[in-house]
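> Below is one structure. I have some questions about it.
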Amino acid sequence: MAELNTGDDGGKGKKVRSKKMNPGVDLTAMVDLAFLLITFFMLTTTLSKPQSMNLAMPDKDVTDPKNTQAVANDRTMTILLGKDDSILWYFGEFAAPLVEPTQSTYGKEGIRQVILQRKAAVEAAYKGQLDDNGNQKGLIVIIKASDKTHYKNLIDILDEMAITDISIYAIGDITEPEVELLKEKGMD
């Protein structure tokens, strides 16, 4: 039982009076009410829900002709993620890129600016043309991470895809020539 007792100093140095009993206040009901309110608010509140990003991964069966689709080189951009927050990007195929592999940084002055410029160029070049799904043809980004890339860097580049509103992007396996290029540039 919880009680609140108000103490008396005993009247030191004053006239002695008859002792009065101090009234005791029973706080049991108040404690019960407090726990009931805490329980109520804990059960009725919504806790923060984890946020996730939808990501469609390509099929591994590349031998099936249904799983491959020809895409114009000027619509594809490949982003290679290396160690120490390094990025290397190029347009088209690796063997014959439209723009030579170029180093960049994360953020709005780095890779985001490149993606937005390329997206605008592709949309202008393919204005009014629709793909097989009836959508406007746009930029396709392929993200390839090396073994030494931090997980944070992959999340950062996926965030860039969301910020720049790239509708078609994929995470692919990095090839041996691309790993060699990263090593030459000191990024792997």
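> On the given criteria, is residue 110 modelled with pLDDT of 85 or more and small (Gly, Ala, Ser)?
yes
> Can you find a residue in segment 132-145 that is closer than 15 Å to residue 84 by Cβ and loosely packed, with under 11 Cβ neighbours inside 10 Å?
Checked against the condition, which is being closer than 15 Å to residue 84 by Cβ and loosely packed, with under 11 Cβ neighbours inside 10 Å, segment 132-145 yields no hits at all.
> While we're looking at this one, here's another question. What single numbered condition from (1) under 18 Å from the mean Cα position of the chain (by Cα); (2) not in a strand (DSSP E or B) fails to hold for residue 118?
Every condition holds for residue 118 apart from (1).
> Do we have residue 148 as charged (D, E, K, R), buried (at least 18 other Cβ atoms within 10 Å of the Cβ) and modelled with pLDDT of 85 or more here?
Details: charged (D, E, K, R): yes; buried (at least 18 other Cβ atoms within 10 Å of the Cβ): no; modelled with pLDDT of 85 or more: yes.
Judged against the criteria, residue 148 is not a match.
> Quick one: what pairs do we get from segment 154-167, first residue touching a residue at least 60 places away in the same chain (Cβ under 8 Å), second part of a helix (DSSP H, G or I) and open to solvent by less than 40 Å² (accessible area, probe 1.4 Å), C-beta under 9 Å, 6+ apart or different chains?
What qualifies is 157/111.
> Of all the residues that make up segment 118-131, how many are surrounded by 10 or more Cβ atoms within 10 Å (Cβ to Cβ), modelled with pLDDT of 85 or more and not β-branched (Val, Ile, Thr)?
6
> Give the residues of segment 121-156 that are assigned to a helix (DSSP H, G or I) and within 20 Å of the chain's Cα centre (by Cα), sorted by residue number. Steps first, answer last, please.
Residues of segment 121-156 that are assigned to a helix (DSSP H, G or I), as a first pass: 121-125, 151-156.
151, 152, 153, 154, 155, 156, listed by residue number.
> Any residue in segment 51-74 that is at pLDDT 75 or above, in a loop (DSSP other than H, G, I, E, B), within 23 Å of the chain's Cα centre (by Cα) and surrounded by fewer than 10 Cβ atoms within 10 Å (Cβ to Cβ)?
At the first step, the residues of segment 51-74 found to be at pLDDT 75 or above are 73-74.
Narrowing further to those that are in a loop (DSSP other than H, G, I, E, B): none.
No, the conditions are met nowhere in segment 51-74.
> Quick check on this structure: which one of 167, 86, 104 is under 29 Å from residue 52 (Cβ atoms) and open to solvent by 50 Å² or more (accessible area, probe 1.4 Å)?
Going through 167, 86, 104 in turn, the sole match is 167.
The values are calculated or read from the model by the stated rules, or taken from the named source; none is laboratory data. Just so it is clear, the model here is predicted, and its values are computed rather than measured. Don't worry about glycine lacking a Cβ; one is built from the backbone with ideal geometry, like all the others, and counts go over all protein chains shown. The area values use the complete protein model at the heavy-atom level, side chains included, leaving out ligands, DNA and RNA. Shrake-Rupley method; radii C 1.70, N 1.55, O 1.52, S 1.80 Å.
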